[in-house]
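First up is the structure itself, then whatever we jot down about it.
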Amino acid sequence: MMNAVCKAWATRMNSSRVSLHPAFVLHSRPYRDTSLLLDIFTEQHGRIAAIARGAKQPRSKFNGILQPFTGLLVSWSGTGDLVTLTAAEQAQRTGKLQGNAMLAAFYLNELLIQLMQRHDPHPELYKNYRISLSELSEGKNNELTLRRFECYLLQEIGYGLILDHDVESGEPVQPDRYYCYHPEHGPVITDGDAQESRPLVVQGKTLLALQSGAIEARDVFLEAKHFMRAIIHHQLGGRPIKTRELKLNKVL
């Protein structure tokens, strides 16, 4: 009986330790006098909260490592909602982010923090996030990267958008028609005009562009941005996106 108890205890201890796992730091803030409280996006464990003890001390092993947008290998111990970071090393360096590209990257982090549940693994979303950071650092079309990521994120967390057919008639979306988009259901054809005061009335060509990920025309870019803002606002229950409040980035 004692051997069985010891074996169970050992199994539990082993399961509470994770070594050198791919991750990105999404956010950090001071914790007590010398430590940091981190929000980390991991490849196989989803979002976790971790304490990096002593990370603010001059000789900390974490100095200069726990930076956003840098691919890491992290180790931690503990179970529950808050674990202890035990090691971290740089695994991949994203290209230099600056200006609008950096703000766009912070926006991605904020979306993940606000929309993802903790301990909900999304390895494909992790891969998509890494690719999106790379695209932003390479100076590619920031708006296209953000719109693709927004759609992919919603799909991954169970709120995927219906973009290719009218949910009432079942007919394919027509690019030259307008649709009223119901966030809980999908698009329904309408005779209304797409206006800024009615962000969920949207052109069929915009829905199809979001579906394919191939957004080219400038008017479609603008309408897609307003449409996705409204959808995300709905999913957040009206909670604000702080990155947008900076009012420096025109693509958010």
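The numbers here are math on the coordinates, done by the rules we state, and not lab data. Treat the numbers as computed from the prediction; the structure is a model and nothing was measured. As a convention, Cβ positions derive from the backbone with ideal geometry for all residues, glycine included, and neighbour counts pool all protein chains shown.
Some observations on this one:
- J(HN,Hα) series, region 52-63, from Karplus relation 6.51 cos²θ - 1.76 cosθ + 1.60, nearest Hz, glycine and proline x: 9, 5, x, 5, 8, 6, x, 9, 5, 5, 8, 4
- Among Glu43, Glu184, Glu245, the order by Cβ neighbours within 10 angstrom, fewest to most, reads Glu184, Glu245, Glu43.
- Amide H contacts of Thr190 (H built 1.01 Å from N, in plane; Pro and chain starts excluded): Tyr178, Tyr179, Cys180 sit under 5 Å, all sequence-distant by 5 or more or on other chains.
- Normalised by the number of residues in the chain, the mean separation of alpha-carbon contacts (under 8 Å, six or more apart) gives a relative contact order of 14 percent.
- Expected 222 nm ellipticity per residue - DSSP helices of 4 or more, -39500 (n - 2.57), all of the chain, to 500: -11500 deg cm²/dmol
- Gap separating the Cα centres of region 157-192 and region 82-133, nearest whole Å: 31
- Here the residues Thr206, Thr86, ranked from fewest to most Cβ neighbours within 10 Å of their Cβ, fall in the order Thr86, Thr206.
- Overall shape of the chain was characterised from the C-alpha gyration tensor. The equivalent ellipsoid obtained from it has semi-axes of 40, 22, 15 Å, in decreasing order.
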